[in-house]
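Visitor: Next up is a structure, given as structure tokens.
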Amino acid sequence: LGAARRARLPPGEMGWPLVGGMWAFLRAFKSGKPDAFIASFVRRFGRTGVYRSFMFSSPTVLVTTAEGCKQVLMDDDAFVTGWPKATVALVGPRSFVAMPYDEHRRIRKLTAAPINGFDALTGYLPFIDRTVTSSLRAWADHGGSVEFLTELRRMTFKIIVQIFLGGADQATTRALERSYTELNYGMRAMAINLPGFAYRGALRARRRLVAVLQGVLDERCSARAKGVSGGGVDMMDRLIEAQDERGRRLDDDEIIDVLVMYLNAGHESSGHITMWATVFLQENPDMFARAKAEQEAIMRSIPSSQQGLTLRDFRKMEYLSQVIDETLRLVNISFVSFRQATRDVFVNGYLIPKGWKVQLWYRSVHMDPQVYPDPTKFDPSRWEGHSPRAGTFL
């Protein structure tokens, strides 16, 4: 870098050769005290908001303030996605974690309606409603204790597979669940592609997962070519049909990588955040009572002619929405994301050299007492009438 540029770098240390700061990072998270990792930088170098280290095999700048995160996320000229190669290999090179800005925008626009559009959500709701109800009933009838997170993950997996592949048979669902579970273990492992390591198993699992999804995709395309309809429309059908303003459609690799990506986001994150919201409500009986009263009021307002819940009913769940936002703030499923500098750029007055990776520490923003007073306290009421400033709720 040269002496002049080195002098402008954020404070920090690069750690041991090859390993860098990864041992300290893993030790903090394995100990159950994830905030200890960034706290060690603050203790040694002060509250500069940016620090340097060597992470995931790359020289890296850690950004821990709302203003810094906002700058890095909004400046698409100076930064592009920069996820570790291991993550890209598992999620897929045609998924959001790897594609350039223009392609990201095109795919995002194409997939928004099939995933979050009004028609899509309206179509998914009845099955979600039935699946949650039957799962709760099965747990109640079990007669003993259940492993709550395991059961939630099974429930959300059943829902996400139905949303993706409406007519999937039990054999396909089981094959997907086995492969996905192994893939997910590797997402949280060191990228060591040797026998016996979780990452190697995850790469095998991805190949199996892709093979299952490609098989279903081939069947759908063959049926369409013959004019055969499968009945209901699921997410795969909607992705096959999606086209942009130029008439371009998604190719097979794009469809499969989008499905693998949303399989993780829709299943794993939903299961964990539901577990934590339940834990926090159990620990706060007054909040539990208020959330329950809101649900009961909504149930009473549903006309007898209506079958199940509608999107209109969900929009009435104001307090429950605050509970979930507060859970997401406090637990922060996605605690960090990755970018890469395309040129020399300054954040908080410090240099991020061209080619360096940038880690955005969302969790540090959410746990900053200057942004959220008493940040370790679970307090859904902090969201009443509150619109967070850009960069403060990530």
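The values are calculated or read from the model by the stated rules, or taken from the named source; none is laboratory data. Note that the structure is a prediction, hence the values are computed from the model and not measured. As a convention, Cβ positions derive from the backbone with ideal geometry for all residues, glycine included, and neighbour counts pool all protein chains shown. Ligands, DNA and RNA are excluded from the accessible area calculation, which covers all protein heavy atoms including side chains. Shrake-Rupley method; radii C 1.70, N 1.55, O 1.52, S 1.80 Å.
Visitor: Checking the condition open to solvent by 20 Å² or more (accessible area, probe 1.4 Å), more than 22 Å from the chain's Cα centre (by Cα) and at negative phi, which residue from T133, T87, T65 passes? Break it down stepwise before answering.
Guide: Details: T87 fails: more than 22 Å from the chain's Cα centre (by Cα); T65 fails: more than 22 Å from the chain's Cα centre (by Cα).
Exactly one of T133, T87, T65 is open to solvent by 20 Å² or more (accessible area, probe 1.4 Å), more than 22 Å from the chain's Cα centre (by Cα) and at negative phi, namely T133.
Visitor: While we're here: Can you name the number of the only condition in (1) of a type in the set (S, T, N, Q); (2) at pLDDT below 80; (3) closer than 17 Å to F96 by Cα that S229 fails?
Guide: In the conditions (1) of a type in the set (S, T, N, Q); (2) at pLDDT below 80; (3) closer than 17 Å to F96 by Cα, S229 misses (3) alone.
Visitor: Scan region 65-105 residue by residue and report those that are over 30 Å from A211 (Cβ atoms) and not in a helix (DSSP H, G or I).
Guide: T65, D75, D76, D77, A78, F79, V80
Visitor: Go through region 281-316 and give me each residue that's over 21 Å from T131 (Cβ atoms), open to solvent by 50 Å² or more (accessible area, probe 1.4 Å) and either assigned by the TED database to the domain that holds A120 or polar (S, T, N, Q) (or both).
Guide: Those that are over 21 Å from T131 (Cβ atoms), open to solvent by 50 Å² or more (accessible area, probe 1.4 Å) and either assigned by the TED database to the domain that holds A120 or polar (S, T, N, Q) (or both): Q282, S301, S304, S305.
Visitor: Still on this model: Condition (residue is touching a His at 6+ places or on another chain (Cβ under 8 Å) and closer than 24 Å to Y350 by Cβ) applied to region 54-62: is it met by at least one residue?
Guide: Start the filter on region 54-62 by keeping residues that are touching a His at 6+ places or on another chain (Cβ under 8 Å), which leaves none.
Checked region 54-62: no residue is touching a His at 6+ places or on another chain (Cβ under 8 Å) and closer than 24 Å to Y350 by Cβ.
Visitor: Scan region 241-248 and tell me whether some residue there is within 27 Å of W83 (Cβ to Cβ), at pLDDT 85 or above, open to solvent by 30 Å² or more (accessible area, probe 1.4 Å) and in the same structural domain as A211 (by the TED database). Spell out how you get there, then give the answer.
Guide: Going through region 241-248, the residues within 27 Å of W83 (Cβ to Cβ) turn out to be 242, 244, 248.
From what's left, at pLDDT 85 or above: none.
No: zero hits.
Visitor: Just need a number here: residues in region 371-394 that are among the polar types (S, T, N, Q) and either surrounded by 11 or more Cβ atoms within 10 Å (Cβ to Cβ) or not in a loop (DSSP other than H, G, I, E, B) (or both).
Guide: Here is the first cut: in region 371-394, the residues among the polar types (S, T, N, Q) are 376, 381, 387, 392.
Retained after the next criterion (residues that are either surrounded by 11 or more Cβ atoms within 10 Å (Cβ to Cβ) or not in a loop (DSSP other than H, G, I, E, B) (or both)): 381, 392.
So the count comes out to 2.
Listed here are the residues, each with its yes/no results for (1) touching a residue at least 60 places away in the same chain (Cβ under 8 Å); (2) of a type outside the set (G, A, S); (3) at positive phi.
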| residue | (1), (2), (3) |
| --- | --- |
| P195 | no, yes, no |
| R204 | no, yes, no |
| I240 | no, yes, no |
| N264 | yes, yes, no |
| S270 | yes, no, no |
| A293 | no, no, no |
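Visitor: Also, I was wondering about something else. Condition first: closer than 30 Å to Q322 by Cα, modelled with pLDDT of 80 or more and hydrophobic (A, V, I, L, M, F, W, C). Now tell me which residues in region 249-274 satisfy that.
Guide: V258, L259, V260, M261, I273
Visitor: Would you check which residues across region 39-55 are surrounded by fewer than 20 Cβ atoms within 10 Å (Cβ to Cβ) and touching a strand residue (DSSP E or B) at 6+ places or on another chain (Cβ under 9 Å) and list them?
Guide: Correct list: V42, R44, F45, T48.
Visitor: Right, another one. Say whether the condition of being within 27 Å of G201 (Cβ to Cβ), out of contact with any Lys or Arg (no Cβ under 8 Å at 6 or more places or on another chain) and aliphatic (A, V, I, L, M) is met by at least one residue in region 52-62.
Guide: no
Yes/no matrix, rows are residues, columns are (1) hydrophobic (A, V, I, L, M, F, W, C); (2) under 27 Å from K85 (Cβ atoms); (3) part of a loop (DSSP other than H, G, I, E, B):
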site: F288; (1), (2), (3): yes, no, no
site: E294; (1), (2), (3): no, no, no
site: Q306; (1), (2), (3): no, no, yes
site: D313; (1), (2), (3): no, no, no
site: F338; (1), (2), (3): yes, yes, no
site: R343; (1), (2), (3): no, yes, yes
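Visitor: Which one of the conditions (1) touching a residue at least 60 places away in the same chain (Cβ under 8 Å); (2) of a type outside the set (S, T, Y); (3) within 18 Å of P353 (Cβ to Cβ); (4) surrounded by 14 or more Cβ atoms within 10 Å (Cβ to Cβ) does P34 fail to meet, given that it meets all the rest?
Guide: Exception for P34: condition (3).
Visitor: Turning to a different aspect of this structure: Return yes when A24 is in contact with a Ser or Thr (Cβ under 9 Å, 6 or more places away or on another chain), open to solvent by less than 30 Å² (accessible area, probe 1.4 Å), assigned to a helix (DSSP H, G or I) and not acidic (D, E) and no when it is not. Outline the logic, then answer.
Guide: On the way: in contact with a Ser or Thr (Cβ under 9 Å, 6 or more places away or on another chain): yes; open to solvent by less than 30 Å² (accessible area, probe 1.4 Å): no; assigned to a helix (DSSP H, G or I): yes; not acidic (D, E): yes.
Here the answer is no, as A24 does not meet what is asked.
Visitor: Within region 173-211, can you find the residues that are open to solvent by 60 Å² or more (accessible area, probe 1.4 Å) and closer than 20 Å to D252 by Cα?
Guide: R204, R207, R208, A211 - these are the residues of region 173-211 that are open to solvent by 60 Å² or more (accessible area, probe 1.4 Å) and closer than 20 Å to D252 by Cα.
Visitor: Also: Among the residues of region 143-172, what is the count of those that are open to solvent by 60 Å² or more (accessible area, probe 1.4 Å) and at pLDDT 85 or above?
Guide: Total satisfying the criteria: 5.
Visitor: I163 - would you say it is part of a helix (DSSP H, G or I), at negative phi and either touching a Leu at 6+ places or on another chain (Cβ under 8 Å) or of a type outside the set (G, A, S) (or both)?
Guide: Values: part of a helix (DSSP H, G or I): yes; at negative phi: yes; either touching a Leu at 6+ places or on another chain (Cβ under 8 Å) or of a type outside the set (G, A, S) (or both): yes.
Yes.
Visitor: If you check every pair at least six apart or on different chains, which have Cβ atoms under 9 Å apart with a residue in region 3-15 that is farther than 9 Å from S53 by Cβ first and a residue that is open to solvent by less than 50 Å² (accessible area, probe 1.4 Å) and part of a helix (DSSP H, G or I) second?
Guide: What qualifies is P11/F41.
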